[in-house]
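One structure follows; several queries about it will come next.
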Amino acid sequence: MPIEPDDNRRHAELRALLAAGAEAGTPESSPRGPWEFKPGKGILFSAPHEVEQIRDDQPKRAEKGTGELAFGLAHHVGGTALRTIATQAGDPNWDVGSPYVVRAHELSAGSPILDLHMMRPRGVEICVGLGPIPALGDGLWQPLVDEAVKAGLRVSVNWPFGANPRTITGQSQQVGIPAVQVELTWECFDPNHPAMARAWSAMARAAERISGA
């Protein structure tokens, strides 16, 4: 498959995504922590770790930038976006039945969910986790992988994260909602690294294909 970085165009796409991602959403609260959302149709883009969360009574580092990416992508294709805001008392991607997960399901209304995360460098820039029911990721992971490769990025499927049953992806699939977990490395959120423009534009182009936009 040919690699088509097209960095000038990708940087323009990145700027548009960042501008849209900076817009505030509608805040809501829950006993486990608040979130904000932006309504739309089709794909729901989720960023459950945008702020520090609590997993097994221990603080877990925020994945800053995933919320901007979720909101930027939703704006790009007219989808829905959901991201945590401070302060969290739990971890939506670990707590079974989390209010955040319940709200994600309500907002998606059965449409696909792309759950966005940040990972440390592991030899690939993007990992797509298919979840415990991989058939419910069919049609989602293929455009993500294809566009990542076209952008000159390294991409893996189900390694190092496959999205276990406790994750938002896993819980969504278990109620019949198509979903995948997308992990992007720190470099994909560093404006001084070429991976950022390539990764964000690849996500946007994949979202276009998935949504039919």
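List the pairs whose first member sits in the stretch 83-109 and is surrounded by fewer than 23 Cβ atoms within 10 Å (Cβ to Cβ), whose second member is in a loop (DSSP other than H, G, I, E, B) and among the hydroxyl-bearing types (Ser, Thr, Tyr), and whose Cβ atoms are under 7 Å apart, counting only residues at least 6 apart or on separate chains?
Gly90/Ser98; Pro99/Ser30
Would you check if there is a residue in the stretch 158-178 being within 13 Å of Leu116 (Cα to Cα) and not in a loop (DSSP other than H, G, I, E, B)?
Within the stretch 158-178, one or more residues are within 13 Å of Leu116 (Cα to Cα) and not in a loop (DSSP other than H, G, I, E, B).
Being surrounded by 13 or more Cβ atoms within 10 Å (Cβ to Cβ) and either hydrophobic (A, V, I, L, M, F, W, C) or out of contact with any helix residue (DSSP H, G or I) (no Cβ under 8 Å at 6 or more places or on another chain) (or both) is the filter; apply it to the stretch 26-40 and report the residue that is nearest to Gly110 (Cα to Cα).
Phe37
Separate question: Surrounded by 24 or more Cβ atoms within 10 Å (Cβ to Cβ) and in contact (Cβ under 8 Å) with a residue 24 or more places away in the chain: is that true of Ser211 in this structure?
Considered against the rule, which asks whether it is surrounded by 24 or more Cβ atoms within 10 Å (Cβ to Cβ) and in contact (Cβ under 8 Å) with a residue 24 or more places away in the chain, Ser211 comes out as no.
Results for (1) within 17 Å of Ala81 (Cβ to Cβ); (2) of a type in the set (Lys, Arg); (3) in contact with a strand residue (DSSP E or B) (Cβ under 8 Å, 6 or more places away or on another chain), shown as yes or no for each residue.
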site	(1), (2), (3)
Pro5	no, no, no
Ala12	no, no, no
Arg15	no, yes, no
Pro31	no, no, no
Pro39	yes, no, yes
Gly42	yes, no, yes
Asp56	no, no, no
Thr66	yes, no, yes
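Would you pick out the residues in the stretch 134-151 that are in contact with a helix residue (DSSP H, G or I) (Cβ under 8 Å, 6 or more places away or on another chain), surrounded by fewer than 18 Cβ atoms within 10 Å (Cβ to Cβ) and assigned to a loop (DSSP other than H, G, I, E, B)?
Result: Gly139, single match.
Read-outs: derived from the displayed coordinates by stated rules, not from any lab. What you are looking at is a predicted structure, and each value in this text was computed from that prediction instead of being measured. Virtual Cβ from ideal backbone geometry, glycine too; neighbours counted across all protein chains shown.
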